[in-house]
Amino acid sequence: MRKPYPQRARKSLAELFWARVCKVDGDGCWEWQGCVDENGYATMNNPAFSSRKCSRIAYFLHYGEFDKSLNVLHTCDNPRCVRIDHLYLGTQKRNGEDMKARKRSSWGSRNGQSKLTDAQVLEIRARLDQARGEHGAQTDIAKAFGITASHVCRIASGEAWAQL
């Protein structure tokens, strides 16, 4: 007769999670040592938790249930960090504002979709200053740079390329 295998104790989500975190002394980030997604954010597959994002799992393990419509944001801008005092809840709008304030978003010529360089935008503004009041100036400038007149208008008003 065969002896039954001894039952292994199942590890909790917290035990599985924190075993993959490198904690440092001081105020530094606690970095996830497991998988990351295509954007470098720490991820973990675990059927016990609905999200794969480790920042959300860390927040849940520390605070418990939270509003799932909110994002878990980083004060440290380190996508592998799961240190609880580096994480806070915020809206998608707040996340975008933080990204912009920390210059982490792809604005201006850093945006792969951009047709203009910073130098071209400055030249457009200089041409607009010279042509102030001339009829059709925005259309002529738009044709010269291969953009729309409405985009030239947004550059002129500071709505587009406001960082320059």
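The values are calculated or read from the model by the stated rules, or taken from the named source; none is laboratory data. As the structure is a prediction and not an experimental result, all values here were calculated from the model. All Cβ positions, glycine included, derive from the backbone under ideal geometry; neighbour counts span all protein chains shown.
Could you check region 1-53 and list, in sequence order, the residues that are under 18 Å from the mean Cα position of the chain (by Cα) and outside any loop (DSSP other than H, G, I, E, B)?
E31, W32, V36, A42, T43, K53, listed by residue number.
Are there any pairs, at least 6 apart or on different chains, whose C-beta atoms fall under 7 Å, with the first in region 117-136 and at pLDDT 85 or above and surrounded by 10 or more Cβ atoms within 10 Å (Cβ to Cβ) and the second outside any helix (DSSP H, G or I) and of a type in the set (A, V, I, L, M, F, W, C), and if so, which?
As it stands, the answer is V121/W161; V121/L164; L122/L164, since those pairs meet every condition given.
Considering only region 9-29, I want to know if a residue exists there that is of a type in the set (D, E) and either outside the structural domain of G90 (by TED's automatic domain parsing) or over 18 Å from N78 (Cβ atoms) (or both).
So in region 9-29, the residues of a type in the set (D, E) come out as 15, 25, 27.
With the extra rule that they be either outside the structural domain of G90 (by TED's automatic domain parsing) or over 18 Å from N78 (Cβ atoms) (or both), the set shrinks to 15.
The answer is yes, given that some residue of region 9-29 is of a type in the set (D, E) and either outside the structural domain of G90 (by TED's automatic domain parsing) or over 18 Å from N78 (Cβ atoms) (or both).
State whether the residues of region 61-74 include one that is touching a His at 6+ places or on another chain (Cβ under 9 Å) and more than 18 Å from A19 (Cβ to Cβ).
Here is the first cut: in region 61-74, the residues touching a His at 6+ places or on another chain (Cβ under 9 Å) are 74.
Pick out the ones that are also more than 18 Å from A19 (Cβ to Cβ) and you get 74.
Within region 61-74, one or more residues are touching a His at 6+ places or on another chain (Cβ under 9 Å) and more than 18 Å from A19 (Cβ to Cβ).
Go through (1) closer than 24 Å to A101 by Cβ; (2) crowded, with 18+ Cβ neighbours inside 10 Å; (3) of a type outside the set (V, I, T); (4) in contact (Cβ under 8 Å) with a residue 24 or more places away in the chain and name the single condition G40 misses.
Failed condition: (2).
Spot the failing condition for R83; the list is (1) closer than 21 Å to Q33 by Cβ; (2) surrounded by fewer than 13 Cβ atoms within 10 Å (Cβ to Cβ), and only one is missed.
For R83, the exception is condition (2).
Restricting to region 146-164, name every residue that is of a type in the set (G, A, S) and more than 22 Å from the chain's Cα centre (by Cα). Give the derivation first.
In the first step, residues of region 146-164 are kept if they are of a type in the set (G, A, S); the result is 146, 149-150, 156-158, 160, 162.
The answer is G146, A149, S150, A156, S157, G158.
Mind checking which residues of region 48-78 are closer than 18 Å to G96 by Cα and in contact with a Leu (Cβ under 8 Å, 6 or more places away or on another chain)?
S55, L70, N71, V72, L73, H74, T75
Can you tell me which residue within region 143-164, out of those that are among the hydrophobic types (A, V, I, L, M, F, W, C) and farther than 11 Å from L116 by Cβ, is surrounded by the most Cβ atoms within 10 Å (Cβ to Cβ)?
Within region 143-164, the first condition is being among the hydrophobic types (A, V, I, L, M, F, W, C), and the residues that meet it are 144-145, 147, 149, 152-153, 155-156, 160-162, 164.
If we keep only those that are farther than 11 Å from L116 by Cβ too, we end up with 144, 149, 153, 156, 162.
Working: A144: 13, A149: 15, C153: 14, A156: 18, A162: 12.
That would be A156.
If you check A160, A144, A126, which single one turns out to be out of contact with any Leu (no Cβ under 7 Å at 6 or more places or on another chain), under 20 Å from K100 (Cβ atoms) and either not charged (D, E, K, R) or not in a helix (DSSP H, G or I) (or both)? Lay out the reasoning, then the answer.
Numbers: A144 fails: under 20 Å from K100 (Cβ atoms); A126 fails: under 20 Å from K100 (Cβ atoms).
Matching residue, one of A160, A144, A126: A160.
What's the number of the condition G64 fails, among (1) modelled with pLDDT under 90; (2) on the phi > 0 side of the Ramachandran plot?
Among (1) modelled with pLDDT under 90; (2) on the phi > 0 side of the Ramachandran plot, the lone unmet condition for G64 is (1).
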